[in-house]
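Chemist: What follows is a single structure, and I will ask about it in a moment.
Read the figures in this text as sums done on the coordinates, not as results from a lab. Quantities reported herein were computed from a predicted structural model and do not represent experimental measurements. Cβ atoms come from the backbone with ideal geometry, glycine included; neighbour counts cover every protein chain shown.
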Amino acid sequence: DSGVTQTPKHLITATGQRVTLRCSPRSGDLSVYWYQQSLDQGLQFLIQYYNGEERAKGNILERFSAQQFPDLHSELNLSSLELGDSALYFCASSVAQHTDTQYFGPGTRLTVL
Amino acid sequence: GQNIDQPTEMTATEGAIVQINCTYQTSGFNGLFWYQQHAGEAPTFLSYNVLDGLEEKGRFSSFLSRSKGYSYLLLKELQMKDSASYLCAASLFSGGYNKLIFGAGTRLAVHP
């Protein structure tokens, strides 16, 4: 158990819908990262927050957005969902924003029908 | 651009030793992470190499050569539970921030 929690574990929805994925980092960690992992593909970095502020953006679509709240939990919002958005979405956290080890949550499996 | 290569699949026998290689072509390189990921589960941290050389941690060891852009993960005394994907990830400083770039992963199958 990494100490990072994610909810929900599974999510099934329809095309065109909007969903919110939630992540709570390890106690004491200030940085939160979101990744997407499609079937048979590597982890694709989406976005990073540090202490409430956006710090880095990766291959995140404009339909996706995220935020980190004062209590340091983070939410990833996915809208106008398409079939191709079906994937595992992982959240990771680290102490700071530099080269610290990232610890991953259990992931949310999103299925878009 | 940034590129990380590792073999797609490997097989090995229980009790044996296996070496999983990773090569990278990146700029702003800080260090190299290895993660283990069982199917459908979260990646779990195995090792982090910043300096050249071998880091040993129980049955797992990781090596880095910065000049060659090369790393490997060595797994000894293989167990069935070691069947998993092994992800190589380069820590880079780019565009004013640090980020991890993951390879596609190496699926290791351990057979009796």
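Chemist: I'd like the distance between the alpha-carbon centres of the stretch A:1-45 and the stretch A:81-111, rounded to an integer number of Å.
Modeler: Their Cα centres are 4 Å away from one another.
Chemist: Here's another thing I want to ask about it. Suppose each label sits 7 Å from its Cα in the direction of the beta carbon; what would the residue A:61-residue A:75 distance come out to in nanometres?
Modeler: 2.0
Chemist: Among A:91, B:88, rank each residue by its count of other Cβ atoms within 10 Å, from fewest to most, as a rough exposure measure.
Modeler: B:88, A:91
Chemist: Which lysines does residue B:57 reach when only Cα atoms under 27 Å apart count, and residues fewer than 8 places away in its own chain are ignored?
Modeler: B:68, B:76, B:81, B:99
Chemist: Still on this structure, please answer the following. What ratio of Cα Rg to 2.2 N^0.38 Å holds for the stretch A:1-90? The partial results should precede the final answer.
Modeler: Numbers: Rg = 12.8 Å, N = 90, 2.2 N^0.38 = 12.2 Å.
For the stretch A:1-90, the normalised Cα radius of gyration is 1.05.
Chemist: What does a probe at residue B:27 reach in the stretch B:89-107, counting residues whose amide N is under 12 Å from the point 7 Å along Cα→Cβ?
Modeler: B:93-96
Chemist: Report, in debye and to the nearest 20, how large the dipole of chain A comes out about its Cα centre when Lys and Arg carry +1 and Asp and Glu carry -1 on their Cβ.
Modeler: 180
Chemist: What percentage of all Cα-Cα pairs in the protein assembly as shown are separated by more than 29 Å?
Modeler: Value for the protein assembly as shown: 27 percent of Cα pairs lie more than 29 Å apart.
Chemist: Placing unit charges on C-beta atoms (Lys and Arg positive, Asp and Glu negative, everything else neutral), compute the dipole magnitude of chain B about its Cα centre in debye, rounded to 20.
Modeler: In debye, rounded to 20, chain B gives about 200.
Chemist: Using θ = phi - 60° and the Karplus form 6.51 cos²θ - 1.76 cosθ + 1.60, what ³J(HN,Hα) does each residue of the stretch B:71-82 get, whole Hz, x for Gly and Pro?
Modeler: 9, 9, 10, 10, 10, 9, 6, 3, 10, 4, 5, 7
Chemist: Let me ask another. Sorted from fewest to most neighbouring beta carbons within 10 Å, what does the list B:111, A:73 look like?
Modeler: B:111, A:73
Chemist: Eigenvalues of the Cα gyration tensor times 5, then square-rooted: what semi-axes does that give for chain B, in whole angstrom, largest first?
Modeler: Details: eigenvalues 120, 41, 27 Å².
Taking √(5λ) for each eigenvalue gives 25, 14, 12 Å, largest first.
Chemist: Positive end of the charge dipole of the stretch B:7-112 (Lys, Arg +1 and Asp, Glu -1 on Cβ, about the Cα centre): tell me which of B:80, B:96, B:39 has its Cα farthest that way.
Modeler: Most positive-ward Cα: B:96.
Chemist: Continuing with this model, one more query. Can you divide the C-alpha Rg of the stretch A:64-113 by 2.2 N^0.38 Å and report the result to two decimal places? Could the numbers behind the result be given before it?
Modeler: Working: Rg = 13.0 Å, N = 50, 2.2 N^0.38 = 9.7 Å.
The reported ratio for this selection is 1.34.
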